[in-house]
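The values are calculated or read from the model by the stated rules, or taken from the named source; none is laboratory data. Quantities reported herein were computed from a predicted structural model and do not represent experimental measurements. Here the Cβ is made from the backbone with ideal geometry for all residues, glycine too, and neighbour counts use every protein chain on show. Note: areas computed on protein heavy atoms with side chains; ligands, DNA, RNA excluded. Shrake-Rupley method; radii C 1.70, N 1.55, O 1.52, S 1.80 Å.
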Amino acid sequence: QTGTNFFAASAEEAVAKIGDRPVLVIHGDKDFMMPLAHSEQLYAAAKGPRELWAGPGMHSNIVTEDPVAYREHVFGFLSRSLFAPGVHPKLSGALPKWQVHYPCVLA
């Protein structure tokens, strides 16, 4: 329905086109469907703040395999990439520790 040929689409080109926006690439360390090299190519294509995390589990099971580690990596990346340390754009003054580490819960 979109008219897009997804077999001809390039994920690396798409990542490169987003410029200096933050990119977090998450890959399952037990993924037998997609090789880690695919995620490494996406990471290499990113031009802005970027991280590659090979989390525990298969293809898309990382969030259920270790939800705490998943939360730490995702919220940590968002915090490091989008906010100055200890500052949330909607708040002023000192923040409780959980708000510093997980600023998007306030959005």
Identify, from the list Ile62, Ile18, the residue that is modelled with pLDDT of 85 or more and surrounded by fewer than 15 Cβ atoms within 10 Å (Cβ to Cβ).
-> Ile18
Log entry, pairs with first residue in the stretch 45-61 being within 19 Å of Ser10 (Cα to Cα) and touching a residue at least 60 places away in the same chain (Cβ under 8 Å), second being loosely packed, with under 13 Cβ neighbours inside 10 Å and not aromatic (Phe, Trp, Tyr), beta carbons closer than 9 Å, six or more apart or on different chains, reads none
Hey, Val87 hits all of (1) modelled with pLDDT of 90 or more; (2) open to solvent by 70 Å² or more (accessible area, probe 1.4 Å) but one; which does it fall short on?
-> (1)
Residue selected from the stretch 21-55 under the condition open to solvent by less than 80 Å² (accessible area, probe 1.4 Å) and of a type in the set (Asp, Glu), by the criterion modelled with the highest pLDDT | Glu51
Could you please find all residues in the stretch 51-73 being within 26 Å of Gly19 (Cα to Cα) and touching a helix residue (DSSP H, G or I) at 6+ places or on another chain (Cβ under 6 Å)?
-> Glu51, Leu52, Trp53, Gly55, Tyr70
